Amino acid sequence: MDNSRFIGIGYGSIINASRVIALVSPESAPIKRLIQEAREKGNLVDATYGRKTRSVLIMDSGHIILSLITRETVGSRLSDRNENEE
């Protein structure tokens with residue numbers, strides 16, 4: 001049985017929550033560099049639809065996903081999914 005859990009990250013975009021390694025703020029210089037490197041490698045998924053990036057999801061596949069939803073909201077959705085599994 002597949003244990004995939006999906007959560008919304010804004011405007012109908014969904015991700016496989018079990019593949020998320022980290023959820024970080026886009027404000028720091030190291031994260032900005034990480035985003036630029038992912039863009040250059042073709043591993044960046046921009047799910048902001050032209051809005052301000054409020055959270056950055058680092059996936060186990062090496063992809064970086066930009067979301068317009070705040071870290072707190074995404075984190076809460078990830079936590080809710082984890083609690084429902086238990």
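The values are calculated or read from the model by the stated rules, or taken from the named source; none is laboratory data. None of the values given here were measured: they were computed from a predicted structure. These area figures cover heavy atoms from the full protein model, side chains too; ligands, DNA and RNA do not enter into them. Shrake-Rupley method; radii C 1.70, N 1.55, O 1.52, S 1.80 Å.
Beta-bridge orientation, the chain: approximately 75 percent antiparallel, per DSSP, counting only bridges with both partners inside. Rg then Dmax, both in Å and based on the Cα atoms of the range 1-47: 12.8, 41. Which of these, Ile15, Ile69, Ile35, has the largest mean-square fluctuation under a Gaussian network model of the chain (Cα springs below 10 Å)? Its mean-square fluctuation being the largest, the pick is Ile15. With all protein chains in place and a 1.4 Å probe, the accessible surface of the range 31-85 carries 42 percent carbon and sulfur.
The candidate values were (1) 259; (2) 98; (3) 87; the one computed from these coordinates for volume of the Cα convex hull per residue in Å³ carries the label (2). Dividing the helix sum by the residues of the chain, where each DSSP H run of 4 or more adds -39500 (n - 2.57), gives a mean residue ellipticity at 222 nm of -10500 deg cm²/dmol. Can you give me the angle between helix 71-85 and the longest principal axis of the chain, using Cα atoms only, in degrees from 0 to 90, rounded to the nearest 10? Roughly 30 degrees, rounded to the nearest 10.
At 0.36 nm per residue, minus the direct Cα-Cα distance, what do Asn16 and Ser4 gain on full extension? Give it in nm, one decimal, please.
Details: separation 12, 0.36 × 12 = 4.32 nm, distance 0.62 nm.
My answer for the length gained is 3.7 nm.
Tell me the per residue accessible area of the chain using a 1.4 Å probe; a whole number in Å² is fine.
Numbers: 5460 Å² over 86 residues.
For the chain, the solvent-accessible area averages 63 Å² per residue.
Below 8 Å between Cα atoms, with a sequence gap of 6+, how large is the relative contact order for the chain in percent?
Relative contact order of the chain: 29 percent.
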